[in-house]
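Right, one structure below, let's go through it.
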Amino acid sequence: MTDGRSRRREDTRQRLFEAAVELIAEQGFSATTVDDIAARAGVAKGTVYYNFESKTVLFEELLRHGIGLLTAEFRAAVAGLPPREALAALVRAELEYIRRYRAFAQLLLSEMWRTNREWQQTLRLLRGEAIEVIAETVRSGVAAGDLPADLDVRTASSALFGVGLVVAVDWLVFQPDRPIEDVEEALLGIVRRVART
């Protein structure tokens, strides 16, 4: 019985996350109401407050959930791979993640530039965790001699994360019929140029 109740609660929370992501990506955080989220998720308004004490808490949890998934996918993608293959795997993982969670990616992209939000510190920490997976791979590439010894690891890792995010959102908004393999190859071309520098 407890397992069934726990599963239902997780299903409800997932529906609330998805509804909130879609609405906030469509109309912005300020314009999105708890009533809107409840209606989109198909639940009563009280259900939102039962699961999250406020819209701000819901949004912060949404960021934790979404970036946590991305970080986990990054870690799974690079597991056991040598640096060059791991960098390619990171590019593919980011593209696939953003294709699957497009609304969240658009939301993340817009929120990273807003520094006056209550959750900015949380977003900074979470973004740092995702970028650290990339940085570990880049450091390994430098140590293996696959990447230039004087490469600024932090900047290169942030650039790879940011370029992947922007290119993927651009692809899905403006060229949705373009195969993922084409986008991946274009991004890998940029990575290869850095690796040869």
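I need the full set of residues from the range 125-137 which are within 10 Å of Leu70 (Cβ to Cβ) and surrounded by fewer than 18 Cβ atoms within 10 Å (Cβ to Cβ), in order please. Across the range 125-137, the qualifying residue is only Glu129. Report, by residue number, each residue of the range 1-46 that is β-branched (Val, Ile, Thr), open to solvent by 40 Å² or more (accessible area, probe 1.4 Å) and assigned to a helix (DSSP H, G or I). Listed by number, the list holds a single entry, Thr2.
Could you tell me which of the residues Val142, Val91 is among the hydrophobic types (A, V, I, L, M, F, W, C) and either over 22 Å from Val173 (Cα atoms) or in contact with a strand residue (DSSP E or B) (Cβ under 6 Å, 6 or more places away or on another chain) (or both)?
Val142
Could you give me the residue pairs with C-beta distances under 9 Å whose first residue belongs to the range 141-162 and is aromatic (Phe, Trp, Tyr), whose second residue is open to solvent by less than 60 Å² (accessible area, probe 1.4 Å) wherever it lies, and which are 6+ apart or on separate chains? Pairs found: Phe161/Leu90; Phe161/Glu94; Phe161/Ala130; Phe161/Ile131; Phe161/Ile134. Set side by side, the residues Leu81, Leu90, Leu23, Leu58 differ, and just one is of a type outside the set (Val, Ile, Thr) and under 14 Å from the mean Cα position of the chain (by Cα), which is Leu90.
Pairs linking a residue in the range 20-40 that is within 24 Å of Val173 (Cα to Cα) to a residue that is open to solvent by less than 10 Å² (accessible area, probe 1.4 Å) and acidic (Asp, Glu), with Cβ atoms under 9 Å and 6 or more positions apart or on different chains, are Ile24/Glu111; Phe29/Glu111.
How many residues does the range 28-47 contain that are modelled with pLDDT of 85 or more and either among the charged types (D, E, K, R) or within 20 Å of Glu111 (Cβ to Cβ) (or both)? Number satisfying all stated conditions: 9.
Applying a threshold of 9 Å to beta carbon distances and a minimum spacing of six or more residues, or different chains, the list of pairs starting in the range 80-95 at a residue that is free of Cβ contacts under 8 Å to residues at least 40 places away in the same chain and outside any helix (DSSP H, G or I) and ending at one that is buried (at least 23 other Cβ atoms within 10 Å of the Cβ) and hydroxyl-bearing (Ser, Thr, Tyr) reads Leu81/Thr137. Considering (1) open to solvent by 50 Å² or more (accessible area, probe 1.4 Å); (2) over 19 Å from the mean Cα position of the chain (by Cα); (3) closer than 17 Å to Ala130 by Cα, the lone condition that Val153 does not fulfil carries the number (1).
Of all residues in the range 105-124, those being more than 24 Å from Leu95 (Cβ to Cβ) and either open to solvent by less than 40 Å² (accessible area, probe 1.4 Å) or in a helix (DSSP H, G or I) (or both) number 4. The sole residue among Leu70, Leu62, Leu81 that is modelled with pLDDT of 85 or more and buried (at least 20 other Cβ atoms within 10 Å of the Cβ) is Leu70. Test Glu185 against the stated conditions and say whether it is charged (D, E, K, R), under 30 Å from Leu16 (Cα atoms), out of contact with any Asp or Glu (no Cβ under 6 Å at 6 or more places or on another chain) and not in a loop (DSSP other than H, G, I, E, B). So Glu185 fails the test.
The values are calculated or read from the model by the stated rules, or taken from the named source; none is laboratory data. Remember, it's a predicted structure, so these values are computed and weren't measured experimentally. Using ideal geometry, Cβ is built from the backbone for each residue, glycine included, and neighbour counts are taken over all protein chains shown. We work out accessible area using only protein heavy atoms, side chains counted, and drop any ligands, DNA or RNA first. Shrake-Rupley method; radii C 1.70, N 1.55, O 1.52, S 1.80 Å.
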